[in-house]
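Worksheet for the structure shown next.
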Amino acid sequence: LDWTPQARTRLGLSLYRTRVKDLIVFAGPLFDAINIDRADIDGAELEFETGVGALSLHGNLNWLDARNRDTGDALLRRAPRKGAVSADWGFANGASAGIDLSGVAARPDAGGARLGGYGLVDLRASVPLAPGWRFEARLENLGDRDYELVQGYNTPGRSGMLSLRWNQE
């Protein structure tokens, strides 16, 4: 469902129910590929967008129930709740600056382990240099948060990226 009550404002709701046969997942201490005969993945996503002047906001919330249909166990590494909010400011000269906030709930991993929930803050900016050319900068994981997507595998700490982008116009 999508609803646009006014220009630059949109609310959306998506509901889904997915039935999977022969789902391949990676589990165990060596992350062996195993087959789950039947899996059920049900969820909902609520999304919004709005803008006032030079400010644009976007956000989403996700709820997920992903289970092995035969055992009832939750599927590994799939968070039951996630959310994100982005704010962007556009300047008159074509430059922009933005912030992204995201959060992920705790979720199960192999061997009965639990991956902790986490929140991240990212910053970004972009400046036009010439027709078709932009300089972009990004700072990810501003708080240098330690978190895991898979047990035992590192994720980047605070990192930055500078780029020069060309788009043929």
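The values are calculated or read from the model by the stated rules, or taken from the named source; none is laboratory data. Everything quoted here is computed from the prediction, not taken from an experiment. No Cβ is skipped: glycine too gets one built from the backbone with ideal geometry, and neighbour counts run over all protein chains shown. The protein model used for the area step is the full one, side chains on, heavy atoms only, and it has no ligands, DNA or RNA in it. Shrake-Rupley method; radii C 1.70, N 1.55, O 1.52, S 1.80 Å.
Give the residues of the stretch 28-52 that are closer than 28 Å to ALA7 by Cα and either of a type in the set (A, V, I, L, M) or in contact (Cβ under 8 Å) with a residue 40 or more places away in the chain (or both), sorted by residue number. Can you show your working first?
Initial filter on the stretch 28-52 (closer than 28 Å to ALA7 by Cα): 44-52.
Selection gives ALA44, LEU46, GLU49, THR50, GLY51, VAL52.
Tell me yes or no: at least one residue of the stretch 19-33 is under 17 Å from the mean Cα position of the chain (by Cα) and of a type outside the set (Val, Ile, Thr). Walk me through it before giving the result.
First, pick out the residues of the stretch 19-33 that are under 17 Å from the mean Cα position of the chain (by Cα): none.
No, there is no match, as no residue in the stretch 19-33 is under 17 Å from the mean Cα position of the chain (by Cα) and of a type outside the set (Val, Ile, Thr).
Restricting to the stretch 115-169, name every residue that is without any contact (Cβ under 8 Å) to a residue 60 or more places away in the chain, assigned to a loop (DSSP other than H, G, I, E, B) and among the hydrophobic types (A, V, I, L, M, F, W, C).
Looking only at the stretch 115-169, we keep the residues that are without any contact (Cβ under 8 Å) to a residue 60 or more places away in the chain, and these are 115-148, 151-169.
With the extra rule that they be assigned to a loop (DSSP other than H, G, I, E, B), the set shrinks to 116-117, 131-132, 141-148, 151-158, 167-169.
Of everything in the stretch 115-169, just one residue is without any contact (Cβ under 8 Å) to a residue 60 or more places away in the chain, assigned to a loop (DSSP other than H, G, I, E, B) and among the hydrophobic types (A, V, I, L, M, F, W, C), namely LEU142.
Among the listed residues SER163, SER102, SER159, identify the single one that is polar (S, T, N, Q) and surrounded by 14 or more Cβ atoms within 10 Å (Cβ to Cβ). Before the answer, list the steps.
Details: SER163 fails: surrounded by 14 or more Cβ atoms within 10 Å (Cβ to Cβ); SER159 fails: surrounded by 14 or more Cβ atoms within 10 Å (Cβ to Cβ).
Within the list SER163, SER102, SER159, the selection yields SER102.
Quickly run through the stretch 72-96 and pick out the residues that are within 30 Å of ILE24 (Cα to Cα), open to solvent by less than 40 Å² (accessible area, probe 1.4 Å) and over 13 Å from the mean Cα position of the chain (by Cα).
Hits for the stretch 72-96 are GLY72, LEU75.
Report the residue count in the stretch 53-94 for those that are closer than 24 Å to VAL121 by Cβ and touching a residue at least 12 places away in the same chain (Cβ under 8 Å).
At the first step, the residues of the stretch 53-94 found to be closer than 24 Å to VAL121 by Cβ are 53-64, 77-91.
From what's left, touching a residue at least 12 places away in the same chain (Cβ under 8 Å): 54-64, 77-91.
Matching residues across the stretch 53-94 total 26.
Take the residues in the stretch 114-157 that are under 28 Å from ALA74 (Cβ atoms) and among the polar types (S, T, N, Q); name whichever of them is nearest to the chain's Cα centre (by Cα).
Looking at residues that are under 28 Å from ALA74 (Cβ atoms) and among the polar types (S, T, N, Q), I get ASN141.
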